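Quick notes on the structure that follows.
Coordinate-derived values only; no laboratory data. Note that the structure is predicted; figures quoted are calculated from it, not measured. Note: ideal-geometry Cβ built from the backbone for every residue, glycine included; neighbour counts use all protein chains shown.
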Amino acid sequence: MRVILHKKMWAKVRRAKKITALESERLGQYDTRDFFRMTRRMMLLTLVSYWRRHKFLSRLNALFLLSIILFSIWFQFIRSIEIADAYDIPLEAALLLTKPVPLYADKLQRNQTASGYIFNAGYAPSNSETLGDSYSPKIIASFGDVASGSELSVTDPLNNISIRLKPKFSLREPLKKDNRILYPIAGKDAIKVYSLGAVGVKEDIILRSKPKNDKLTLSYDLSLPDGVEARAESDGSIGVYGAGNGLISNVTASSENDQALLKKAREKAKKTVFLFKIPAPVVIESGKRRSSVASRFELNGNILTLNAVGLHTATYPLSIDPTIYVETAQKLMRGNNESNIDFDVNNELIQKSQTTGARIDAWEGNLGMTEGTWGQGAATAGGYLYRTGGRTGYYTKPQIVDKASSAQATNSTNFVMNMPTDRPADDLYIALMCHDGTATPTAPSGGNWTELTDQDEFAAYYKVGEDISGGDEASSYTWTIGSGEEWYGVIVRVTGFNSSDIFSGTAGTANTSGDASYPATTPDSSASLVIRAVGVNDEYPDDE
């Protein structure tokens, strides 16, 4: 009854566009909740009526609405997976990165004054830190978001100078993880990882899978302040230098004229103060000690370009490692005034070890620090370097690593001896040969072979490898003799030898006995390799 009454009253209101006294009296019988319930009921009845009279359209509308809801849920789910994958670092790729440093993670925070993140905000060097008593990082770095161009800024707090690198390729929003900043590279199965250390920002460009192109080119806009310039060094690195004569530090200019003069002086001054270093890029492949990918920097004006070639032959994942070091920050890291310490070489980070104790200043050394040793233990503490144990003399023992045998089964005046398959320059090569006559062999005309011994029908020669072709030795050498004879010989390759004292002891003796007898020899060093050889004519030696 209330619904019917309400419909009649509402129809009159629409026609008359005003409410009569009777209608006002009737409306006064109902409060707002009654009208709300009646309205809700009318909506439900409208839907039921539409559903019964227009079944096909009703089902079509319902299906459309359901599709929109399901698509929204599916899209959000796929989007969340895509985002998670973009920032994911697989285990094999994580092994290519430096280990996270929890002490530095707390110093990487959201930038409160600008977008992105900032590392070591508010840091200023102090006198106490020059003694190495603080683990604090000695740099300031900031990382912009996509809206600011994903710019990296590294600051030398001592000189208050910053360099900025803005990628000319698209990145996604940055994400903090431990003491790292992650930037997925848009359109590639790759991610940029910045690892924050004490003296620099280590960048790893992680390629998770083989790219379509064999070459990767990534360019950056390099921004430098007045009086600072970047140079391509001979070792492939990029050095950043500032003006000398005190012009690079915090110099104040009170007027615009003074500021212009200071700027002009910085521009004209010789750039001799070493501020930053970006070492030549290094490629590290998963499961390989040495990468086949060639990488290098190109500096053209203010554009720094990283090139990597040979990606199709590489093993994935791999890391391309361009890093920025702050020179003055490295000089502040000198050691720690504690014993029982762990020293993180990569991050210049000093931490206390699992046990504690005191440095023993009463130890007395019996070996000068200037004398060469090997196999020793070393540690730094309190600004000093400590060494214990070790051996003097040549640091390693020579060893035979390869050989190649050759035979001349018929009489000939020439004997071609093959070199080992791997024959790098600077290794030691020893040729041992026997022939069935008494004539004296003649060494090859080229190759700088030196005779060790020539005893009856046995001869030995040696040489230090030379760069004959592409960094390698020749593949063979030919000895000659006055009359035709049969030959047999072997060339051995030796590594780890002392080039200043190659041979010692007895070179060789002759023996016509039916039994092989080797001469006694006394090497002049415990790190010596003794080579014994025997040549037998006509019959094989008896192995009993």
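Quick one: go through the stretch 167-192 and flag any residue whose amide nitrogen is under 18 Å from the point 7 Å out along the Cα-to-Cβ line of Tyr87. From the stretch 167-192, the list is 171-192.
From the square roots a ≥ b ≥ c of the eigenvalues of the alpha-carbon gyration tensor of the stretch 91-330, which class results: rounded (a/c under 1.5), prolate (a/b over b/c), or oblate?
Values: a/c = 1.86, a/b = 1.48, b/c = 1.25.
It comes out prolate by the Cα gyration axes.
Count charges around Asn307 for me, please; just the other residues with Cβ under 13 Å from its Cβ, Lys/Arg as +1, Asp/Glu as -1.
Numbers: positive: Lys215, Arg296; negative: Asp214, Glu298.
Summing Lys/Arg as +1 and Asp/Glu as -1 gives 0.
Taking a point 7 Å out from the Cα of Gln455 in the direction of its Cβ, the residues of the stretch 478-505 whose backbone N falls within less than 14 Å of it are 505.
Could you tell me which of rounded, prolate or oblate describes the stretch 90-219, using a ≥ b ≥ c as the square roots of the eigenvalues of the alpha-carbon gyration tensor, with rounded for a/c under 1.5 and, failing that, prolate when a/b is larger than b/c and oblate otherwise? List each step's numbers first, then the result.
Details: a/c = 2.17, a/b = 1.64, b/c = 1.32.
Verdict is prolate for the stretch 90-219.
Highest mean packing first, where packing is the average number of other Cβ atoms within 10 Å per residue, the peptides 515-528, 200-213 line up as 200-213, 515-528. Take the Cβ atoms of Asn411 and Ser445, set R0 to 22 Å, and the FRET efficiency comes out at 0.50.
Relative to the current alpha-carbon distance between Lys397 and Ser476, full extension at 0.36 nm per residue lengthens the span by 25.8 nm.
Over 21 Å apart at the Cα level, from the set Lys202/Lys268; Lys166/Lys288; Lys168/Lys215; Lys202/Lys277, are Lys202/Lys268; Lys166/Lys288.
Is the stretch 410-506 best put as rounded, prolate or oblate by its Cα gyration tensor, with a ≥ b ≥ c the root eigenvalues, rounded for a/c under 1.5, and otherwise prolate when a/b is larger than b/c, oblate when not? Walk me through the intermediate numbers first.
Numbers: a/c = 2.35, a/b = 1.47, b/c = 1.60.
Oblate, since a/c reaches 1.5 and b/c is not below a/b.
Can you order the peptides 428-437, 304-313 by their average number of other Cβ atoms within 10 Å per residue, highest first? Walk me through the intermediate numbers first.
Numbers: 428-437: 21.9, 304-313: 16.8.
Per-residue Cβ counts within 10 Å, averaged per peptide and sorted highest first, yield 428-437, 304-313.
Take the Cα of Asn300, step 7 Å toward its Cβ, do the same at Lys263, and the gap between the two points is 2.8 nm. Applying 1/(1 + (r/R0)^6) with R0 = 51 Å to the Cβ-Cβ distance of Lys215 and Asn418 gives a FRET efficiency near 0.85. For the stretch 91-330, relative contact order (Cα pairs under 8 Å, six or more residues apart, normalised by length) works out to 20 percent.
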